[in-house]
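The values are calculated or read from the model by the stated rules, or taken from the named source; none is laboratory data. The structure presented is a predicted model; accordingly, all values stated were derived computationally and were not measured. Neighbour counts run over all protein chains shown; Cβ positions are idealised from the backbone, glycine included.
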Amino acid sequence: MAVRQSGIEDYLDVDGLIDLPPGSTLLSNFERNIAEFGSTAAYRYLDFTRDDDGVAIELSWDELNTRMRAIGARLQQVTAPGIGWRSWRRRAWIM
């Protein structure tokens, strides 16, 4: 018997609005996908800085995890707990 993989439909209500299960967070779903689908494609985009026609770039869940952790680490370096986006943006202009 084939195991059913979860899809985006599992997180939508009958009206198509996002409806996360109780106790579920964006981070918990992200971590679950990394564990389940590590080397499979998670994100694809066209990079127009490499070629005028765009170059398709594909990131696996593991690669996306690495990039997200790097972004999080950088945000911790340049912000402090409790600083909202608007405060950070003003601070960034001053730096």
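Please tell me if ALA42 is surrounded by fewer than 12 Cβ atoms within 10 Å (Cβ to Cβ) and either assigned to a loop (DSSP other than H, G, I, E, B) or on the phi < 0 side of the Ramachandran plot (or both). Step through it out loud before you land on a result.
Values: surrounded by fewer than 12 Cβ atoms within 10 Å (Cβ to Cβ): no; either assigned to a loop (DSSP other than H, G, I, E, B) or on the phi < 0 side of the Ramachandran plot (or both): yes.
Considered against the rule, which asks whether it is surrounded by fewer than 12 Cβ atoms within 10 Å (Cβ to Cβ) and either assigned to a loop (DSSP other than H, G, I, E, B) or on the phi < 0 side of the Ramachandran plot (or both), ALA42 comes out as no.
Quick one: in the range 51-95, of everything that is in a loop (DSSP other than H, G, I, E, B) and surrounded by 11 or more Cβ atoms within 10 Å (Cβ to Cβ), which residue is modelled with the highest pLDDT? Working first, answer last.
Taking the range 51-95 and keeping what is in a loop (DSSP other than H, G, I, E, B), we get 51-54, 79-84, 95.
Of the ones still in play, those that are also surrounded by 11 or more Cβ atoms within 10 Å (Cβ to Cβ) are 54, 79, 83.
Numbers: GLY54: 95, THR79: 81, ILE83: 64.
Only one residue tops the list, namely GLY54.
Can you pull out the residues in the range 1-21 that are modelled with pLDDT under 85 and exposed (fewer than 11 other Cβ atoms within 10 Å of the Cβ)?
MET1, ALA2, VAL3, ARG4, GLN5, GLY7, ILE8, GLU9, PRO21
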